[in-house]
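This report refers to the structure that appears directly beneath it.
All of the numbers you see were taken from the coordinates with simple rules; none came from a lab. Because the structure is a prediction, the values reported are computed rather than measured. Here the Cβ is made from the backbone with ideal geometry for all residues, glycine too, and neighbour counts use every protein chain on show.
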Amino acid sequence: MSSHDSDDSQGKQTDSAEFGGLKNRGWVTLRDFAKIADVTYVTVLRWVKLEMINVKQNGGFKRVYQDEIARYLRDGTLPPNPEKLAADKAKRAEYQQNASSSKGVRSS
């Protein structure tokens, strides 16, 4: 095969550089995973927070490993953790309430 690793049915070619060096390391950063999943980085952060994708933390860095990328591409995200989803919804509701109540208040 050429420098490209695979061809799909639409003729789109993908190489290891497109996936952040996945073949060399076996993992990608969250930003690279966002590119693979075709979503924003913020969406990936929310998926991590709600445990909708599996990541491993090495020091201060979160990484998505090859087996999780394959699982995501095959099955999509996991269902959100119900406790974390409820906490996230409560936090968002509180934020919206605080934002709407502060709209009428002007600072001098």
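Across region 25-41, rounded Karplus estimates of 3J(HN,Hα) from the backbone phi angles (6.51 cos²θ - 1.76 cosθ + 1.60, θ = phi - 60°) give 10, x, 8, 9, 6, 5, 5, 5, 4, 4, 5, 4, 7, 6, 9, 7, 4 Hz, Gly and Pro being marked x.
Protection proxy ranking, highest mean first, for peptides 52-65, 24-37: 24-37, 52-65, where packing is the per-residue count of other beta-carbon atoms within 10 Å, averaged. If you plug the beta carbon distance of Lys56 and Glu83 into 1/(1 + (r/R0)^6) with R0 = 25 Å, you get a FRET efficiency near 0.75. You can think of it this way: the chain between Tyr65 and Lys49 has 4.1 nm of extra reach, that is 0.36 nm per residue less the Cα-Cα gap.
Computed across region 16-102, the Kirkwood radius stands at 14.2 Å (inverse of mean 1/r, all Cα pairs). Computed from the Cβ-Cβ distance with R0 of 35 Å, the FRET efficiency linking Arg25 to Tyr95 stands at 0.40.
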